[in-house]
Amino acid sequence: MSKYKHHLFICTNRRPVDDPKGCCATKGADDLRAFFKEEVAKRGLKKTVRANQAGCLDTCEFGPSVVVYPEGIWYTVKTREDALEIIEKHLEKGEIVERLLMPRSWAKG
């Protein structure tokens, strides 16, 4: 059993500039990862929530991509406000943030 209640993986992958999928890194993923880490610490959640950078999650076209485990919930997080909503609703209250769910079309491929 993990010592963390929630584990976030934030894609910070870099693809070539001409890649049609784009990449999470050029969409602000590094800043979002830092923000998640700061907010988790500020809210006293460091013992129960871990926010890690991830390599390619193969969903850059929807990114920045964030996966929350153990639930396996995939989010598209474009702003700090989106990140705050995930922290407040998902991590603190256990509610899935429906409006930020990644399109499921990628799972069919």
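The values are calculated or read from the model by the stated rules, or taken from the named source; none is laboratory data. The shown structure was predicted, so the numbers you read here are calculated from the model rather than taken from an experiment. Methodologically, a virtual Cβ is constructed for each residue, glycine included, from the backbone with ideal geometry; neighbour enumeration extends over all protein chains shown.
Any idea which of (1) within 14 Å of residue 6 (Cα to Cα); (2) touching a residue at least 12 places away in the same chain (Cβ under 8 Å) is the one residue 35 doesn't satisfy?
(1)
Answer yes if at least one residue in region 35-45 is in a helix (DSSP H, G or I), modelled with pLDDT of 90 or more and of a type in the set (Asp, Glu), and no otherwise. Show your work before the answer.
Here is the first cut: in region 35-45, the ones in a helix (DSSP H, G or I) are 35-42.
So of that shortlist, the ones also modelled with pLDDT of 90 or more come out as 35-42.
Now drop any that are not of a type in the set (Asp, Glu), which leaves 38-39.
Scanning region 35-45, I find at least one residue that is in a helix (DSSP H, G or I), modelled with pLDDT of 90 or more and of a type in the set (Asp, Glu), so the answer is yes.
Just a yes or no: is a residue in region 10-30 in contact with a Cys (Cβ under 9 Å, 6 or more places away or on another chain), in a strand (DSSP E or B), buried (at least 20 other Cβ atoms within 10 Å of the Cβ) and among the aliphatic types (A, V, I, L, M)?
Within region 10-30, one or more residues are in contact with a Cys (Cβ under 9 Å, 6 or more places away or on another chain), in a strand (DSSP E or B), buried (at least 20 other Cβ atoms within 10 Å of the Cβ) and among the aliphatic types (A, V, I, L, M).
Return the residues of region 1-33 that are touching a helix residue (DSSP H, G or I) at 6+ places or on another chain (Cβ under 7 Å), more than 13 Å from residue 51 (Cβ to Cβ) and of a type outside the set (Gly, Ala, Ser); say none if nothing qualifies. So that I can check it myself, show each step before the final result.
Taking region 1-33 as the starting set, the residues that turn out to be touching a helix residue (DSSP H, G or I) at 6+ places or on another chain (Cβ under 7 Å) are 6, 8, 10-15, 21-24, 32.
Still in the running and more than 13 Å from residue 51 (Cβ to Cβ): 13-15, 21-24.
If the condition is that a residue be touching a helix residue (DSSP H, G or I) at 6+ places or on another chain (Cβ under 7 Å), more than 13 Å from residue 51 (Cβ to Cβ) and of a type outside the set (Gly, Ala, Ser), then 13, 14, 15, 21, 23, 24 are the ones that fit.
Would you tally the residues in region 56-76 being in a strand (DSSP E or B), without any contact (Cβ under 8 Å) to a residue 40 or more places away in the chain and out of contact with any Gly (no Cβ under 8 Å at 6 or more places or on another chain)?
Filtering region 56-76 down to residues in a strand (DSSP E or B) leaves 65-69, 73-76.
Going one step further and asking which of them are without any contact (Cβ under 8 Å) to a residue 40 or more places away in the chain, we end up with 73-76.
The next check asks that each one be out of contact with any Gly (no Cβ under 8 Å at 6 or more places or on another chain); those that pass are 73-75.
Summing the residues that are in a strand (DSSP E or B), without any contact (Cβ under 8 Å) to a residue 40 or more places away in the chain and out of contact with any Gly (no Cβ under 8 Å at 6 or more places or on another chain) in region 56-76 gives 3.
Which one of these does residue 53 not meet: (1) at pLDDT below 95; (2) in a strand (DSSP E or B); (3) crowded, with 20+ Cβ neighbours inside 10 Å?
Going through the list (1) at pLDDT below 95; (2) in a strand (DSSP E or B); (3) crowded, with 20+ Cβ neighbours inside 10 Å, residue 53 breaks only (3).
Considering only region 11-52, state which residues are hydroxyl-bearing (Ser, Thr, Tyr) and closer than 21 Å to residue 102 by Cβ.
In the first step, residues of region 11-52 are kept if they are hydroxyl-bearing (Ser, Thr, Tyr); the result is 12, 26, 48.
Selection gives 12, 26.
Any residue at all in region 77-93 that is farther than 17 Å from residue 28 by Cβ and not in a helix (DSSP H, G or I)?
No - not one qualifying residue is present in region 77-93.
Could you tell me whether region 82-89 includes any residue that is exposed (fewer than 14 other Cβ atoms within 10 Å of the Cβ), more than 10 Å from the chain's Cα centre (by Cα), free of Cβ contacts under 8 Å to residues at least 24 places away in the same chain and under 16 Å from residue 44 (Cα atoms)?
No; the residues of region 82-89 include none that is exposed (fewer than 14 other Cβ atoms within 10 Å of the Cβ), more than 10 Å from the chain's Cα centre (by Cα), free of Cβ contacts under 8 Å to residues at least 24 places away in the same chain and under 16 Å from residue 44 (Cα atoms).
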